[in-house]
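Take a look at the structure below.
The values are calculated or read from the model by the stated rules, or taken from the named source; none is laboratory data. Predicted model only: the values in this text are computed from it and were never measured. Using ideal geometry, Cβ is built from the backbone for each residue, glycine included, and neighbour counts are taken over all protein chains shown.
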Amino acid sequence: MNKKETKRQHFVPKTYLRKFSIERKEGQYQIFAAPKNNIEKIFPANIASICVHNNLYTLLGETEEERMLIEKFYGDSYESKYNKMYEILTDDNFRDISKEDNEFIVSSIITMFFRTTRLISEHNDLMYRVFERIVQMCEHTGKDYYMFENEKFMLNGRSAEQLLFDHKKESRVPHVITQLDVALRLIQIRKNNSISVVKIKQNGPEFITSDNPVTLYNFDSRHIAPFDPTNTISMPLNGQYKVIVYPYPSFGYISRMHHNDTLSYSEVLTTGYKQLESLEKFILGTKNGLNEFVKIKKRTDEMADISEEQKKELEKIKKIARDLGILP
C-alpha cells in the first residue's frame, strides 16, 4: 500500500471528537471514554486511537485514488467543512439559514450515522448466529456443506468463527458502499428538514457522546428502521449543545432552545441514555461530563428502585384493605 494512503480510518471523525476533547500537546487531543458494560471505568484516550479501524473504507483497486475513494469522499465532503457547521450550530445569534447550509448540516449528520460500524457489527452478530446453526446442522447430518437457494456452500471443516472471519473479509466493501448509498438516498429525502439546537446550562452537567453519536427516535413506531424518513435525528455537538433534525420542512431558520437547572439535567440524562442505547463499545466525553452523567444515572436508577419497592408496599396495603373490605 502506498505510504500516502490512509490506513487508520476514523468512523467517528476526529473533527467531531475534538469538540469533546482537550489539547494536551500541540495537535494531540485527549478525550475520556468508558466501556458499555462498566460506565464507571472512565479512562483517557487520544482521539487518534479511538473510533478507528484499519482500512475500514479502503476499496479494491489498482490505484490509490480508487482505493481511497470513500475515505477521500468523507474527508473532502464533510470532515473538512465540519467546523463551519459547528460554528453555525453553536452560535446562539445564528438563526436564518440558507438552503445550502441546511442541506449540508442534515447531510453531515446522516452520513455520520451511516458511516459508523454499529450497523455492520449488528449484521455480523446475526451472521455468527446463522453460521453457528449451520455448523450444528452439518455436524448433525454428517455433511460438510449446506444448501441455500439451490446453491451448495462448502464448509471445508471451518468453524462458525472461521466462517464469520471469511464473511467479514468478503462483505466489508459491499457494506460500506451500501451504507453510503443509503445515506445519500436518505439525504435527498431529508435535506430540507427542520433543524433545532438545544443548549444547556453552563458549569453544570454536560452532554456526552459515543462511538455511534447520532441517535434516532420515532414518535410513530417502537421499532426504528435507520432509513425511515420519519425518524427524528439528534447528535450532541459538545458538552453544552446538541442538534436535532425533525422530519418536517425547514422554514429557513434554526429553532433554538435554552435549558437551565432541572431541564438541563433532564436533557443530559435523556441524551446520555440514548447514547448508551445506541453505542457499540464506548461512551465518550470530557472527564467531568462522564463523571456527572454516571452520578445522575446512579441517582435516577436508585430512585427507580425505590419506586418499585414503594409499588410493592402499596400492593401489600391494597391487599390488607381488600381483606378488611375497605377496597373491592
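Only one residue in Y29, Y74, Y57, Y78 is more than 21 Å from S171 (Cα to Cα), among the aromatic types (F, W, Y) and within 20 Å of the chain's Cα centre (by Cα). Which one?
Y78
Pairs needed: first member in the range 282-300, at pLDDT below 90 and surrounded by 19 or more Cβ atoms within 10 Å (Cβ to Cβ); second member anywhere, of a type outside the set (S, T, Y) and not in a helix (DSSP H, G or I); C-beta distance under 7 Å; at least 6 residues apart or different chains.
Listed by first residue and then by second, the contacts come to nothing, as the list is empty.
Would it be correct to say that M235 is touching a Pro at 6+ places or on another chain (Cβ under 9 Å), under 26 Å from I110 (Cα atoms) and not charged (D, E, K, R)? Give the steps one after another, and end with the answer.
Values: touching a Pro at 6+ places or on another chain (Cβ under 9 Å): yes; under 26 Å from I110 (Cα atoms): yes; not charged (D, E, K, R): yes.
Considered against the rule, which asks whether it is touching a Pro at 6+ places or on another chain (Cβ under 9 Å), under 26 Å from I110 (Cα atoms) and not charged (D, E, K, R), M235 comes out as yes.
Is it the case that some residue within the range 180-194 is part of a loop (DSSP other than H, G, I, E, B), buried (at least 17 other Cβ atoms within 10 Å of the Cβ) and in contact with a helix residue (DSSP H, G or I) (Cβ under 6 Å, 6 or more places away or on another chain)?
So far as the range 180-194 goes, yes, one or more of its residues are part of a loop (DSSP other than H, G, I, E, B), buried (at least 17 other Cβ atoms within 10 Å of the Cβ) and in contact with a helix residue (DSSP H, G or I) (Cβ under 6 Å, 6 or more places away or on another chain).
Answer yes if at least one residue in the range 193-208 is among the small types (G, A, S), modelled with pLDDT under 95 and over 19 Å from the mean Cα position of the chain (by Cα), and no otherwise.
Yes, the range 193-208 contains a residue that is among the small types (G, A, S), modelled with pLDDT under 95 and over 19 Å from the mean Cα position of the chain (by Cα).
Tell me the residue from I97, I22, I47, I42 that is farther than 30 Å from V294 by Cα and among the β-branched types (V, I, T), please.
I97
Per-residue answers, yes or no, for (1) among the charged types (D, E, K, R); (2) under 27 Å from A183 (Cβ atoms):
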residue	(1), (2)
N83	no, yes
D101	yes, yes
R115	yes, yes
Q136	no, no
K143	yes, no
Y146	no, no
Q162	no, no
K169	yes, yes
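For the range 130-153, which residues satisfy the criterion of being surrounded by 11 or more Cβ atoms within 10 Å (Cβ to Cβ) and either of a type outside the set (F, W, Y) or touching a residue at least 40 places away in the same chain (Cβ under 8 Å) (or both)?
Residues of the range 130-153 surrounded by 11 or more Cβ atoms within 10 Å (Cβ to Cβ): 130-139, 143-146, 153.
V130, E132, R133, I134, V135, Q136, M137, C138, E139, K143, D144, listed by residue number.
Name every residue in the range 230-281 that is part of a helix (DSSP H, G or I), small (G, A, S) and surrounded by 22 or more Cβ atoms within 10 Å (Cβ to Cβ), in order of residue number.
Correct list: G272 only.
Confirm whether E71 is surrounded by fewer than 16 Cβ atoms within 10 Å (Cβ to Cβ) and in a helix (DSSP H, G or I). Walk me through how you get there before you give the answer.
Numbers: surrounded by fewer than 16 Cβ atoms within 10 Å (Cβ to Cβ): no; in a helix (DSSP H, G or I): yes.
So E71 fails the test.
Residue by residue through the range 256-276, note down the ones that are in contact (Cβ under 8 Å) with a residue 60 or more places away in the chain, in contact with a strand residue (DSSP E or B) (Cβ under 7 Å, 6 or more places away or on another chain) and among the charged types (D, E, K, R).
Scanning the range 256-276 gives R256, E267.
Restricting attention to the range 219-226, does a residue exist that is farther than 20 Å from Y78 by Cβ, surrounded by fewer than 19 Cβ atoms within 10 Å (Cβ to Cβ) and touching an Asp or Glu at 6+ places or on another chain (Cβ under 7 Å)?
Scanning the range 219-226 turns up no residue that is farther than 20 Å from Y78 by Cβ, surrounded by fewer than 19 Cβ atoms within 10 Å (Cβ to Cβ) and touching an Asp or Glu at 6+ places or on another chain (Cβ under 7 Å).
For the range 301-328, name all the residues that are assigned to a loop (DSSP other than H, G, I, E, B) and either surrounded by 12 or more Cβ atoms within 10 Å (Cβ to Cβ) or modelled with pLDDT of 70 or more (or both).
none
Select from the range 1-54 the residues that are in a helix (DSSP H, G or I) and among the hydroxyl-bearing types (S, T, Y) and write down the one among them that is surrounded by the most Cβ atoms within 10 Å (Cβ to Cβ).
The qualifying residue surrounded by the most Cβ atoms within 10 Å (Cβ to Cβ) is Y16.
Taking the range 99-108 as the search range and keeping residues that are in contact (Cβ under 8 Å) with a residue 24 or more places away in the chain and touching a helix residue (DSSP H, G or I) at 6+ places or on another chain (Cβ under 9 Å), which one is surrounded by the fewest Cβ atoms within 10 Å (Cβ to Cβ)?
E103
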